[in-house]
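Here is the structure we will look at, set down as structure tokens.
Just so you know, all these numbers are worked out from the coordinates, no wet-lab data involved. Keep in mind it's a predicted model, so treat the numbers as computed, not measured. A quick note on method: Cβ atoms are made from the backbone with ideal geometry, for glycine too, and the neighbour counts reach across all protein chains shown.
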Amino acid sequence: MAGETYWESFQKRGMSRREFIKFSTMMAGLMGLAPSFIPKLIHAMETKEKVPVIWLHGLECTCCSESLIRSGSPLASDLVLNMISLEIDDTLQASAGEPMLEHKREIMEKYHGRYILAVEGNPPLNEDGMFCIVGGKSFLEELKEAAKGAAAVIAWGSCASNGCVQAAKPNPTHAVPIHKVITDKPIIKVPGCPPIPEVMTGVILHVVQFGEIPPLDRKGRPKMFYGQRIHDTCYRRPFFNAGQFVETPDDDAAKKGWCLYKIGCRGPTTYNSCGNLRWYGGISYPIQSGAPCIGCAADGFWDNGPFHNRLVNIPLPGVETTADKVGLIAGAAAIGGLAAHAIGSAIRNTMASRETNGNNQEEKTK
């Protein structure tokens, strides 16, 4: 609950000092902190009060919540019980109806300017927001009201970050990402459909432990999780570089694990940590399972053409090219290498033959 420190929360649950330090060390690792920061993190968790969190739901499918509860590092139970004070979440909490709404009002008043507002889903603007009603109010109204006293806002998933399927054409409800409505608060965008569980917990950890939002890129995404393209961390990248591509999902190249770019993989243009953190405790991710990346963390990914149609152009160092050209270049380079090898061998053989004939002629002269 809000008002108690993290250490007090551990003690209340009968957890030992050793478990507390182990947990703090794991948190430092997840946030990418150097070992020297661990004592500082432990001190912060001993002295800082848990941060209250209000989690709202707009137009969405609840996949972000489903993803969060499958977090392995840390476990979702550790996040909810030990790391934050999740005061309102109408999907996870036991209470409902008027008692829940009254509690939300009390938390917003008591912790004004101090709580984190986490938003899953987006608001529809058409018909004054009447396409999404929560407790008799439009979600649009609820979102604006809750944002007034928030210290920071987290936009969970592609729905809240960039609109996702609700905002896809023709968008009859006029659904928009939350930054179109909340313009006076810092917003941390955590796109993905859904986001990776450990990315979600890592973002929360950074905010609650350091009291500030993590470094963001120009699109408002945490750099520590969205600083690289999936293409850059993909284990199939060598096949891309060699011009070896899957042509159909069931061909021989697919069985060999070649690059999926030609069947629609959006890895070259999508920024996320799928290739690093992977899913289900680091077991796998779509590309590893043989499915091309559909770019679910990219802006407007739902409208970016059929998922299994490849991108027309991709950036390579110093050149704009297509997969066919990559293959042709790779093939030409191989043929060129063979030709060069053949020419070199012919020259060496000719020189050796001349040297042998010269030696024989010298012997005859003697």
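Excluding same-chain neighbours fewer than eight residues apart, the aspartates and glutamates reachable from K110 by a Cα-Cα span under 17 Å are E4, E49, E87, E102, E145. Electrostatic tally near C234: other residues with Cβ closer than 12 Å to its Cβ, Lys and Arg +1, Asp and Glu -1, net +4. Multiplying the residue separation of R18 and D303 by 0.36 nm and subtracting their alpha-carbon distance yields 97.6 nm. Please identify every one of the chymotrypsin sites (Phe, Trp or Tyr not before Pro) in region 238-304 that sits in a loop by DSSP and has no more than 15 other beta carbons within 10 Å of its own beta carbon. Taking region 238-304 and a limit of 15 other Cβ atoms within 10 Å, the loop chymotrypsin sites (Phe, Trp or Tyr not before Pro) found are Y280.
Based on the alpha-carbon gyration tensor of region 6-226 and its eigenvalue square roots a ≥ b ≥ c, which shape applies: rounded if a/c is under 1.5, prolate if not and a/b is larger than b/c, or oblate? Cα axes put region 6-226 in the prolate bin.
Sequence-distant contacts, meaning Cα pairs under 8 Å at least 6 residues apart, place the relative contact order of region 230-311 at 31 percent.
Each part gets one Cα centre, and for region 152-214 versus region 221-268 those centres are 26 Å apart. Restricting the trypsin sites (Lys or Arg not before Pro) of region 149-245 to loop positions (DSSP other than H, G, I, E, B) with no more than 15 neighbouring Cβ atoms within 10 Å leaves R218, K219. Mean sequence separation of contacting Cα pairs (under 8 Å, at least six apart), scaled by the length of region 6-226, corresponds to a relative contact order of 21 percent. Counting Lys and Arg as +1 and Asp and Glu as -1 over every other residue whose Cβ lies under 10 Å from the Cβ of S138, the net charge comes to -2. Once the chain from D251 to E98 is taken as fully extended at 0.36 nm per residue, the excess over their C-alpha distance is 49.4 nm. Spin-label pair E212-H43: with each label point 7 Å from Cα along the Cα-Cβ axis, the two points sit 1.7 nm from one another. Remark on Y115: its backbone amide H falls under 5 Å from those of A151, a criterion applied only to residues 5 or more positions apart or on other chains, H modelled at 1.01 Å from N. Remark: the V165-E141 segment gains 6.5 nm on full extension, using 0.36 nm per residue and subtracting the alpha carbon distance.
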